[in-house]
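K.L.:
Please see the structure below; I have some questions.
FYI, it's all coordinate maths here, none of it is from the lab. Because the structure is predicted, anything quoted here is derived from the model rather than measured. Every residue, glycine as well, gets a Cβ built from its backbone with ideal geometry; the counts of neighbours run over all protein chains shown.
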Amino acid sequence: QVQLVESGGGLVQAGGSLRLSCAVSGRTFSNYLMGWFRQAPGNERESVAAIKWRSGSTYYTDSAKGRFTISRDIAKNTVYLQMNSLKPEDTAGYYCAADTAGVYWSPSAMDYWGKGTLVTDSS
């Protein structure tokens, strides 16, 4: 089993920044692909960014490119999502997830999920 615990969400004004964290524990996950996803009320869960744990290779959706940065700290077993220039449409629950195959990056393919952290526009 793998446990994922997100933190760092909160109220933020348009143009502001937040850094989300995802603490990972449990089974060895050196081959995993770790992803951040989000889900706004009434919408389907969508991909935001992903990182391969071993290589550090990163992937972004168009909405995240240039504004969000995904990273990982191997020593701390933590994945981060730095979000800058936030927009009202970024308001959503943000979820961390793991793909044990280290290949797939879509909500339906992930094997483990955290419970999420909420990011809300306060403008």
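K.L.:
Tell me which residues come under 5 Å, amide H to amide H, from Asp111 once H is placed; ignore anything under 5 positions away on its chain.
P.N.:
Close amide H contacts, sequence-distant or interchain: Ala98, Asp99, Thr100.
K.L.:
Largest first, please: the extent of the C-alpha atoms of the stretch 5-123 along each principal axis, to the nearest Å.
P.N.:
Over the stretch 5-123, Cα extents along the principal axes are 41, 29, 24 Å.
K.L.:
Can you pull the one-decimal nm distance between simple spin-label points at Lys65 and Val5, each 7 Å off the Cα toward Cβ?
P.N.:
In this crude spin-label approximation the distance works out to 3.6 nm.
K.L.:
Given N residues in the stretch 10-76, what is Rg(Cα) / (2.2 N^0.38 Å)?
P.N.:
That ratio works out to 1.23.
K.L.:
Another question, then. In sequence order, what are the phi-derived ³J(HN,Hα) couplings for the stretch 29-35 according to the Karplus relation 6.51 cos²θ - 1.76 cosθ + 1.60 with θ = phi - 60°, rounded to whole Hz, with x for glycine and proline?
P.N.:
Here the 3J(HN,Hα) series is 9, 5, 9, 6, 9, 9, x Hz.
K.L.:
Separate question: For the stretch 47-100, what ratio Rg/Rh do Cα atoms give with a Kirkwood hydrodynamic radius?
P.N.:
Numbers: Rg = 11.5 Å, Rh = 12.0 Å.
Taking Rg over the Kirkwood Rh, I get 0.96.
K.L.:
Report for the chain the percent antiparallel among DSSP-assigned beta bridges with both residues inside it, nearest 5. Before the final figure, lay out the partial values.
P.N.:
Values: 39 of 42 bridges.
Just about 95 percent of them are antiparallel.
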